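Please read through the structure below; I'll follow up with questions.
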Amino acid sequence: MVRSRRIAGAPVRPPEPSRVDLHSHTARSDGTLEPADLARAAAAAGVRILAITDHDNLAAIRELTADATAVPVGLELLAGVEINTVADGDGPRWGGELHVLGLGVDPADDAFEAVLADQRARRRERFVRTLALLRAIGMTVDDRAATLPQDGRDALGRPTIARFLVEKGHAASVEDAFARIVGAGRPGYVPRDGIGPLTAIRAIRAAGGLPVLAHTADAADRRAAIAELRDIGLGGLEVHYRRYDAETVASVAAVAAALRLVPTGGSDFHGDGETYAEAHTSIWVPIEDADALNAALEERAYVAGPAAWTGGLTP
Ligand code: AMP
Ligand code: ZN
Ligand code: FE
Ligand code: FE
């Protein structure tokens, strides 16, 4: 069975600077930028609608909403999360990880926050176990981990550990650390613990958000499983994504259209080895994606910023 789809062609070139980015990370999970710095950088690059989708954490949107001066004029923020689910925990057979974005969730939903808090607790346990494993194989990074602030920055992930490995000289880059040390099946890999896709999709729906299947380049080969996810409550499919060539975008878009899933798109920016402006040159998300998302969320779009998001954009 075809498990992954090789992306052979050149990445899609943006016909104009993208005004939409519906997938991004800050230092409240495993990104490098402070929330206000990401908002500023995105606005400076021409983005008008930004979804911050930290792993298992809504801290960034809460902070930005609480401080209106932190949100540049003209930028509309959409609350989001990314839940890296344990595939085959529940839901259809999948194999490998299944990442679900929750776009437009309500940051004030206590039941959803409880789900996320539990996910973050499991992340911290995995983080500590990974440190111990690295120690056992002679790649100790404990002193770096000890400096981590805990206030709201507890959605720890492997990229954080990968950066420590780079600083300590155990890896040449974050990519290299994943390829040789902390990637699945490598000596520093600790299996994920957490909820499955069915639980994640239901929790996102209950919090008023649209559950979206992230970065699945081989969607066409997994159509039956994605149809099952749709029947469970999946509402969208990430069609536009960095490094996708035109053929991949077309094939994922066809699946979204056939299954009536909202097409979305984003940079998945984390900040390793590049600025937001640099990442933005290789991301193309048409405004139609934001409009389709807005229509799906109807009146339930949780936005922060100077203007309420009414759907379209005035140039
Ligand atoms: P975790 O949720 O802690 O298992 O970390 C997974 C995250 O690491 C993903 O969501 C990506 O952001 C990032 N990631 C996965 N693979 C790579 C890779 N090869 N290089 C850099 N970052 C990666
Ligand atoms: Zn990440
Ligand atoms: Fe992901
Ligand atoms: Fe992501």
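Among the numbered criteria (1) buried (at least 18 other Cβ atoms within 10 Å of the Cβ); (2) within 12 Å of ligand 1 (Cβ to nearest atom), which single criterion is violated by Gly183?
Failing condition for Gly183: (1).
In addition: Kindly provide the set of residues from the range 56-90 that are closer than 25 Å to Ala44 by Cβ and either within 16 Å of ligand 3 (Cβ to nearest atom) or touching a Ser or Thr at 6+ places or on another chain (Cβ under 7 Å) (or both), ordered by number.
Selection gives Asn57, Ala60, Gly80, Val81, Glu82.
Residues that are farther than 21 Å from Asn57 by Cα and touching a Leu at 6+ places or on another chain (Cβ under 9 Å): does the range 201-219 have at least one?
Yes, the range 201-219 contains at least one residue that is farther than 21 Å from Asn57 by Cα and touching a Leu at 6+ places or on another chain (Cβ under 9 Å).
If you check Ala224 against the conditions, is it open to solvent by 60 Å² or more (accessible area, probe 1.4 Å) and closer than 24 Å to Arg93 by Cβ?
Answer is yes for this residue.
Taking the options Arg40, Arg28, name whichever one is part of a loop (DSSP other than H, G, I, E, B) and closer than 27 Å to Leu148 by Cβ.
Testing whether each residue is part of a loop (DSSP other than H, G, I, E, B) and closer than 27 Å to Leu148 by Cβ leaves just Arg28.
Counting residues that are farther than 30 Å from Ala295 by Cβ, which helices (runs of 4 or more DSSP H) fully inside the range 139-230 reach at least 2?
Correct list: 142-145, 158-167, 174-177.
Given (1) free of Cβ contacts under 8 Å to residues at least 24 places away in the same chain; (2) touching an Asp or Glu at 6+ places or on another chain (Cβ under 7 Å); (3) of a type outside the set (Ser, Thr, Tyr), where does Arg186 come up short, assuming only one miss?
Arg186 satisfies all of (1) free of Cβ contacts under 8 Å to residues at least 24 places away in the same chain; (2) touching an Asp or Glu at 6+ places or on another chain (Cβ under 7 Å); (3) of a type outside the set (Ser, Thr, Tyr) except (2).
Out of the range 78-117, which residues are assigned to a loop (DSSP other than H, G, I, E, B), among the β-branched types (Val, Ile, Thr) and open to solvent by 30 Å² or more (accessible area, probe 1.4 Å)?
Val86
Quick one: Leu237 ticks every box in (1) in the same structural domain as Ala44 (by TED's automatic domain parsing); (2) within 16 Å of ligand 4 (Cβ to nearest atom) except a single one, so which number is it?
(1)
Residue check, Ala146 against (1) open to solvent by 70 Å² or more (accessible area, probe 1.4 Å); (2) under 21 Å from Leu210 (Cβ atoms); (3) more than 18 Å from the chain's Cα centre (by Cα), all met but one. Which one?
(2)
Filter the range 13-32 down to the residues that are in contact with a Lys or Arg (Cβ under 9 Å, 6 or more places away or on another chain) and more than 14 Å from ligand 1 (Cβ to nearest atom), then identify the one that is least open to solvent (accessible area, probe 1.4 Å).
Here the answer is Val20.
Check Arg124, Arg158, Arg62 and return the single one that is of a type in the set (Lys, Arg) and over 22 Å from Gly266 (Cα atoms).
Arg124
Can you tell me which residue among Leu210, Leu259 is within 17 Å of the chain's Cα centre (by Cα) and either open to solvent by less than 50 Å² (accessible area, probe 1.4 Å) or of a type outside the set (Val, Ile, Thr) (or both)?
Leu210
The values are calculated or read from the model by the stated rules, or taken from the named source; none is laboratory data. The structure displayed is predicted, hence computed values, not measured ones. In this analysis, Cβ positions are derived from the backbone assuming ideal geometry, glycine residues included, and neighbour counts consider all displayed protein chains. Ligands, DNA and RNA are excluded from the accessible area calculation, which covers all protein heavy atoms including side chains. Shrake-Rupley method; radii C 1.70, N 1.55, O 1.52, S 1.80 Å.
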